[in-house]
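The values are calculated or read from the model by the stated rules, or taken from the named source; none is laboratory data. None of these values were measured; they are calculated from a predicted model. As a convention, Cβ positions derive from the backbone with ideal geometry for all residues, glycine included, and neighbour counts pool all protein chains shown.
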C-alpha cells in the first residue's frame, strides 16, 4: 500500500480550501453586486448612512470653496434628465491626495489636492461629471457589493468580530472600490457629454488626464494589471472623440479663486 506524504496532503488540502474560498468569494461578489446595483434609493441610504456621518457635517457652516464646488455640481446635475437622487452633495476633503470618489446617497468627495492641480473650471467639472457617471451606471454600489461579500466570506471563515475580518476589511475596502477599466471609460464618456453640454464645447476635457499621464507608471506589467486605464489612454480617447465628433473648442472657463485655492481650515 502506497504511503501518502503528510506534507503533500496538507498542501492539497490547503489549495483546495483556498480554491473553494476564491470560488465562494466570486459567487458572493457577483450576487452582492447584482443586488446592490438594484437597490432602491431609500434602502441604499438606510444601509450606507454611515457615509453621511463620516463626510457630511451639517453643523459646520460651508466655506466659500465648499459653496463654489456645490454650485458647480448643481449646474451639472440640472442637466441630468432623470436623476437617481433628489439632491447631490459635493464634499471638499482636506489633503494633498489628487482624487475624487462617488459615495452612496449622491455624495461626491473631492480632495483639496485635486482642486489645486486644476487649471480651469472645465477640468473640475469633468471630475464631478465623471463621478456622476458612476452614479448613473451604479458602479459605486457594485463596488460596495464586493466589499460586503468580502466581509461575509471573512465572517464565515473567522467570525464576524474577529481581528482577521477587521484587518481584511481595512486592507481591501479601498481596492474593491476601484472600478474596472470598462466602468472608468463609461464614466469618462458620461462626463465628456455632460461637460460639453454645460459649456457648449469640449475644451479642457482631456487636460487633467494629459497632465496625470506624466506620472503614470511606464512598467508594462503595472499597466497590464492595473484596474484604472492609463491616463494617457484616457486623454487620447477623449481627444479622438473631439476630433471625430468635431465638438466646438470654446474658451476654457477659469477656475474660481475659491476652488483654485481651496479653504481647508
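Does residue 124 satisfy the condition of being surrounded by 23 or more Cβ atoms within 10 Å (Cβ to Cβ), closer than 22 Å to residue 189 by Cβ, within 17 Å of the chain's Cα centre (by Cα) and at pLDDT 95 or above? Even if it seems obvious, please write down each step before you answer.
On the way: surrounded by 23 or more Cβ atoms within 10 Å (Cβ to Cβ): yes; closer than 22 Å to residue 189 by Cβ: yes; within 17 Å of the chain's Cα centre (by Cα): yes; at pLDDT 95 or above: yes.
Judged against the criteria, residue 124 is a match.
Could you grab me the full set of residues in the stretch 86-100 that are in contact with a helix residue (DSSP H, G or I) (Cβ under 6 Å, 6 or more places away or on another chain) and surrounded by 16 or more Cβ atoms within 10 Å (Cβ to Cβ)? Of everything in the stretch 86-100, those that are in contact with a helix residue (DSSP H, G or I) (Cβ under 6 Å, 6 or more places away or on another chain) and surrounded by 16 or more Cβ atoms within 10 Å (Cβ to Cβ) turn out to be 88, 90, 91, 92, 98, 100.
Against the condition more than 21 Å from the chain's Cα centre (by Cα), assigned to a helix (DSSP H, G or I), within 13 Å of residue 192 (Cα to Cα) and modelled with pLDDT of 85 or more, how does residue 238 come out, does it pass? In short, no.
Of the candidates 115, 103, 144, 132, the single residue that is buried (at least 22 other Cβ atoms within 10 Å of the Cβ), at pLDDT 90 or above and within 22 Å of residue 43 (Cβ to Cβ) is 132.
Say whether the condition of being at pLDDT 65 or above and in a helix (DSSP H, G or I) is met by at least one residue in the stretch 57-65.
Step one: list which residues in the stretch 57-65 are at pLDDT 65 or above, which gives 61-65.
Checking the rest, the ones that are also in a helix (DSSP H, G or I) come to 64-65.
Scanning the stretch 57-65 turns up at least one residue that is at pLDDT 65 or above and in a helix (DSSP H, G or I).
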